[in-house]
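A.B. asks: Here's a structure for you.
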Amino acid sequence: MIREPEGKPIIEFHRVGYRLPSGQTLLKNINFTVFQGQTLILLGRSGAGKTTALKLINRLLDPTGGEVRVDGRATLEWDPIALRRSIGYVIQDTGLFPHYTVAQNVSLIPKLERWPAERIRSRVDELLVVVGLDPEKFLLRYPHELSGGQRKRVGLARALAADPPILLMDEPFGALDPLTRSDVRREFHELQRRLEKTIVIVTHDISEALLLGTRIGLVEAGELKDIYWPKEFLNAKEPVAMAYLAQLQVLQEAQEEK
Amino acid sequence: MKLAEFFLQQRDQILQATLEHIWLVGVTMLFAIAIGVPMGIIVARRSWFSKPILGGANVAETIPSLALFGFLLPVPWLGNRADRVAIAALALYALLPIIRNTASGIDSVDPAVREAARGMGMTARQILFQVELPLSLSTVIAGIRVATVLTIGIATIAAAVGTGGLGEFIFRGLAMVNNQLILAGAIPAAVLALAADLLLTLLERRLRPAR
């Protein structure tokens, strides 16, 4: 699904670098643009700098070089709170508040934004249905009473609560057993088409990247090697990309042997 | 049975002294909490403050209590009244457990929870009051419990500077070599300490976040 022209640029990285105070360079010279409604996958191994790149978008970190723009404005010019409220954030460990029920967790941002109580209640119900949880059953449960997959779903519902135009997801389907993982992923894939959000997903899973990505950015040792359309990626000659593809081939070969 | 008779006979004075004792400990704890919890938050937030604050509280803990009451007597305003001296000294002792537990409670909040809170656009103040403090409440209460039990014991010594309370019986008993008098102070003090320990333990359990 190639959109021509690509529409409005929502997230832009211009020669972005990030260095720790200790002097260690985590990211150098990153350039990319995510257009409205697209999903960019940042694919790479642990420690490659994917999460750092994600945190530069909602200003959990400030770039030490170059400029990150959200909605045409440099992140440094944004009020960090306002910026983050317009961006849904989903992390691997979900970060659900253990002392809040599912309903309280999901309604957190609408409450901070002072929505009327009636609207918050109907929004929470609506969102739980969207992520495939029965509101009657789950509203009053605490995170420790949920399975891993259910927690991920609540985390997603919480991130979507105030209907932010942008969604950042850091290994959103990580730490789930393989079957649950593919279920949650497939459901998200359907959701993705309906929601029309601008999304950046960090993952090290090649099948996730090919399924969910409008484009796939390959991150290696703090650099963005290249950005591919999923079809291009399948024929990429870059060694790291080929290493990822080899994983898929193992799968195919195993299937063929049976 | 002589002891029981003695207690019955002295019950008005014992009750009076117990109430004085509770008042002394209660006011002390209010001050200690009002000062200790914010200090604990600062210690958790800024590591360069943690050494001087915890170090200072540690040193205070090592001063013998009778000496500390003595040191504070010449301090202007404070030294004018016995209960001021006592409350200041007792609060100083109660600080360390409260500061330490508040700081460690906040430190032990799951980093993922904190990151999610920041990432969603909560302000530092909202994170503190809606996430960090509620999640560390049971640890803070545990610190308050330790401090309260400690204070109930040390508060008997404050009678030496004339604050009243259960220490009165103990000092009088010591002076008159009268065990019954000593016990009239010691037993209610022990009961108070046990009761405070029990109540605050129950509160702590109730507030402990489920995992």
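A.B. asks: Nearest 20 debye, what's the magnitude of the dipole of the range B:85-170 about its Cα centre given +1 on Lys and Arg Cβ and -1 on Asp and Glu Cβ? Write out the running numbers ahead of the final one.
C.D. replies: Values: 5 positive and 5 negative charges, 22 e Å.
Roughly 100 debye for the range B:85-170.
A.B. asks: How many Å³ per residue does the convex hull of the Cα positions in chain A occupy?
C.D. replies: Roughly 147 Å³ of hull volume per residue.
A.B. asks: Run the numbers on chain A and let me know its relative contact order in percent, using alpha-carbon pairs under 8 Å that are six or more apart.
C.D. replies: The value is 26 percent.
A.B. asks: Among the chymotrypsin sites (Phe, Trp or Tyr not before Pro) in the range B:48-98, which ones are in a DSSP loop with at most 15 other Cβ atoms within 10 Å of the Cβ? Mind listing them? Spell out each step's value before the answer.
C.D. replies: Values: sites: B:Trp48, B:Phe49, B:Phe69, B:Phe71, B:Trp77, B:Tyr93; in loops: B:Trp77.
Answer by residue number: B:Trp77.
A.B. asks: Over the alpha-carbon set of the range B:13-207, divide Rg by the Kirkwood Rh and report the Rg/Rh ratio to two decimals.
C.D. replies: Checking Rg against Rh, the ratio lands at 1.06.
A.B. asks: Using +1 at the Cβ of each Lys and Arg and -1 at the Cβ of each Asp and Glu in the protein assembly as shown, identify which of A:Gly65, A:Leu179, B:Val140 lies farthest towards the dipole's positive end.
C.D. replies: B:Val140
A.B. asks: Still on this structure: For the pair A:Arg141 and B:Leu194, how long in nm is the line joining their label points, each one 7 Å along Cα→Cβ?
C.D. replies: About 4.4 nm separates the two model spin labels.
A.B. asks: Turning to a different aspect of this structure: Treat each spin label as a single point 7 Å out from the Cα along the C-beta direction, and report the B:Val59 to A:Leu76 distance in nm.
C.D. replies: Distance between label points: 4.3 nm.
A.B. asks: As a test of the definition: which semi-axes, in Å, follow for the range B:27-74 when you take the square root of five times each eigenvalue of its alpha carbon gyration tensor? Largest first, please.
C.D. replies: 23, 15, 7
A.B. asks: Taking 0.36 nm per intervening residue step and subtracting the Cα-Cα distance, what contour gain separates B:Arg206 from B:Thr123 on full extension?
C.D. replies: 27.1 nm
A.B. asks: Counting alpha carbon pairs within less than 8 Å and at least 6 residues apart, what relative contact order, in whole percent, applies to the range A:95-157? Could you put the intermediate results ahead of the total?
C.D. replies: Working: 55 pairs, mean separation 31.6, N = 63.
Over the range A:95-157, the number comes to 50 percent.
A.B. asks: Taking the Cβ of A:Leu191 as the center, what net charge do the other residues with Cβ under 12 Å away carry, scoring Lys and Arg +1 and Asp and Glu -1?
C.D. replies: With Lys, Arg at +1 and Asp, Glu at -1, the net is +3.
A.B. asks: Using only the alpha carbons of the protein assembly as shown, determine the length spanned along each of the three principal axes and report them from longest to shortest in whole angstroms.
C.D. replies: 98, 50, 49 Å, listed from the longest principal axis down.
A.B. asks: Say we join alpha carbon atoms closer than 10 Å with springs in a Gaussian network model of chain B; which of B:Gly36, B:Gly121, B:Gly167 then has the biggest fluctuation?
C.D. replies: Comparing B:Gly36, B:Gly121, B:Gly167 in a Gaussian network model of chain B, the most mobile one is B:Gly121.
A.B. asks: With a ≥ b ≥ c the root eigenvalues of the C-alpha gyration tensor of the range B:98-211, is it rounded (a/c under 1.5), prolate (a/b larger than b/c) or oblate?
C.D. replies: It is prolate, given that a/c is not under 1.5 and a/b is the larger ratio.
A.B. asks: While we're here: With a cap of 12 neighbouring Cβ atoms within 10 Å, and only residues DSSP puts in a loop, list the GluC sites (Glu not before Pro) found in the range A:41-133.
C.D. replies: Details: sites: A:Glu67, A:Glu77, A:Glu113, A:Glu118, A:Glu126; in loops: A:Glu113.
Of the GluC sites (Glu not before Pro), the ones in loops of the range A:41-133 whose Cβ has at most 12 other Cβ atoms within 10 Å are A:Glu113.
A.B. asks: Projected onto the charge dipole of the range B:17-110 (+1 at Lys/Arg Cβ, -1 at Asp/Glu Cβ, origin at the Cα centre), which of B:Ala103, B:Pro52, B:Val27 gives the Cα projection farthest towards the positive end?
C.D. replies: Comparing the listed Cα positions along the dipole, B:Pro52 ranks first.
A.B. asks: Now a separate question. One-quarter of the Cα convex hull surface for the range A:52-184, in nm²?
C.D. replies: Result: 8.8 nm².
A.B. asks: Just to confirm a number: summing +1 for Lys and Arg and -1 for Asp and Glu over residues other than A:Asp79 whose beta-carbon lies under 11 angstrom from that of A:Asp79, what do you get?
C.D. replies: Net of charged neighbours comes to +3.
A.B. asks: Restricting to bridges with both residues inside chain A, how much of the DSSP beta-bridge set is antiparallel, in percent to the nearest 5?
C.D. replies: Percent antiparallel among DSSP bridges in chain A is about 50.
A.B. asks: If we count every other residue with Cβ under 15 angstrom of B:Thr156's Cβ, Lys/Arg +1 and Asp/Glu -1, where does the sum land?
C.D. replies: Net charge in that neighbourhood comes out at -2.
A.B. asks: Contact order normalised by length for the range B:13-207, with contacts defined as Cα pairs under 8 Å and 6 or more residues apart; what percent is it?
C.D. replies: 27 percent
A.B. asks: Right, something else. At A:Arg114 and A:Gln247, where each label point lies 7 Å from the Cα along Cα→Cβ, what is the point-to-point distance in nanometres?
C.D. replies: With each label point 7 Å from Cα toward Cβ, the separation is 4.7 nm.
A.B. asks: Take every DSSP beta bridge with both residues inside the protein assembly as shown and express the antiparallel ones as a percent of the total, to the nearest 5.
C.D. replies: The antiparallel fraction comes to roughly 50 percent.
A.B. asks: Starting from the Cα of A:Lys237, draw a straight line to each of the lysines and keep only those under 27 Å, dropping any in the same chain fewer than 8 residues away.
C.D. replies: A:Lys28, A:Lys50, A:Lys225
A.B. asks: If neighbour count is taken as other Cβ atoms inside 10 Å, put B:Arg114, B:Arg46 in order from fewest to most.
C.D. replies: Final ranking by Cβ density, sparse to dense: B:Arg46, B:Arg114.
Bear in mind these aren't lab numbers, they're just calculated from the coordinates by the rules spelled out. Note that the coordinates shown come from a computational prediction; the quantities given were computed from them, not determined experimentally. In this analysis, Cβ positions are derived from the backbone assuming ideal geometry, glycine residues included, and neighbour counts consider all displayed protein chains.
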